[in-house]
Structures are given as C-alpha cells and as structure tokens.
Amino acid sequence: MNEKEKLELIVKTLDSKRGEDIQALKISDLTILADYFVIVNGTSNTHSRTLADEVEFQLSQKGIEPLRRESDTGNTWIILDYGDIIVHVFYKETRSFYKLEGLWADGEQIDISGYLTKE
C-alpha cells in the first residue's frame with residue numbers, strides 16, 4: 001500500500017466514524033518527522049478513542065501497524081505514528097488548545113474532499 005492509498009484509507013475511516021474537521025497536511029518539505037499529518041477531532045473522549053482505534057484496526061487489516069501510539073490518560077489526544085503519516089486525534093477543546101494547523105501552516109493543505117462522504 002503506497003502513501004496515497006494509506007492516506008485515503010485513514011481519511012475514509014475517520015469519516016466513516018464521524019470524525020470532525022478532518023485535515024491532511026503535506027509536511028515533507030518542512031520536516032523529516034513524516035510526509036503527512038492527518039488531524040481530526042472527536043466529540044468526546046470516547047469518540048476520540050474510537051476514531052484512533054478504528055484507524056489502527058483498518059490499517060492492521062492491511063498488515064500495517066503503527067510504529068508508535070501515544071495518548072494522554074483521558075484520551076483528549078491520541079497520536080498514531082505510521083512513519084510516513086502521523087494521525088493526530090483530538091477532543092475538540094484539546095485541538096483548539098494545541099492548534100496544530102497553525103503551527104504547521106506552511107504545510108500544504110491536501111484536498112481530501114473526494115475521500116469524504118457527502119451528507
């Protein structure tokens with residue numbers, strides 16, 4: 001599975017579980033941390049954990065395991081590190097506090113509208 005296919009699967013998985021305000025940033029020109037950040041928020045701590053768990057499950061079905069999973073004890077933020085793509089799952093208020101999109105504003109916003117279901 002290449003990077004684009006992985007990115008599409010992650011976004012579609014988050015969308016299927018009703019993740020809010022899904023953003024994908026290409027950061028490969030800015031850092032060696034990863035090529036992409038995917039940022040999403042859940043409506044509660046439980047929802048945030050469900051989003052992260054489902055991404056991990058769907059990718060594991062394709063034989064892809066995270067290099068690392070980090071979270072705080074309250075599941076207000078969860079990070080899934082897949083090497084080339086890092087998924088940031090936040091509780092809404094925590095996302096507002098960290099403002100990753102602002103910190104990585106020089107990254108290229110990826111158009112993911114084709115991956116999202118229309119409501």
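The values are calculated or read from the model by the stated rules, or taken from the named source; none is laboratory data. On a predicted model such as this, the values are computed, not experimentally measured, just so you know. Here Cβ is always computed from backbone atoms with ideal geometry, including for glycine, and neighbour counts include all displayed protein chains.
For the stretch 68-119, which positions are at pLDDT below 95, among the basic types (Lys, Arg) and more than 17 Å from Val11 (Cα to Cα)?
If the condition is that a residue be at pLDDT below 95, among the basic types (Lys, Arg) and more than 17 Å from Val11 (Cα to Cα), then Lys92, Arg95, Lys99 are the ones that fit.
Looking at Ile39, is it of a type in the set (A, V, I, L, M) and in contact (Cβ under 8 Å) with a residue 60 or more places away in the chain?
The answer is yes for Ile39.
Given the residues Ser44, Ser71, Ser60, which is the only one that is under 17 Å from Ser16 (Cβ atoms) and among the small types (Gly, Ala, Ser)? Working first, answer last.
Working: Ser44 fails: under 17 Å from Ser16 (Cβ atoms); Ser71 fails: under 17 Å from Ser16 (Cβ atoms).
Criteria check complete, one pass: Ser60.
Can Glu54 be described as within 16 Å of Val38 (Cα to Cα) and touching a Ser or Thr at 6+ places or on another chain (Cβ under 7 Å)?
Yes, satisfied.
Could you pull out the residue among Ile85, Ile39, Ile79, Ile64 that is under 19 Å from Leu7 (Cα atoms) and touching a Ser or Thr at 6+ places or on another chain (Cβ under 9 Å)?
Unique residue meeting the criteria: Ile79.
Taking the criterion of being among the hydroxyl-bearing types (Ser, Thr, Tyr) and modelled with pLDDT under 95, would at least one residue in the stretch 11-27 satisfy it?
Looking for residues that are among the hydroxyl-bearing types (Ser, Thr, Tyr) and modelled with pLDDT under 95, one finds none in the stretch 11-27, hence no.
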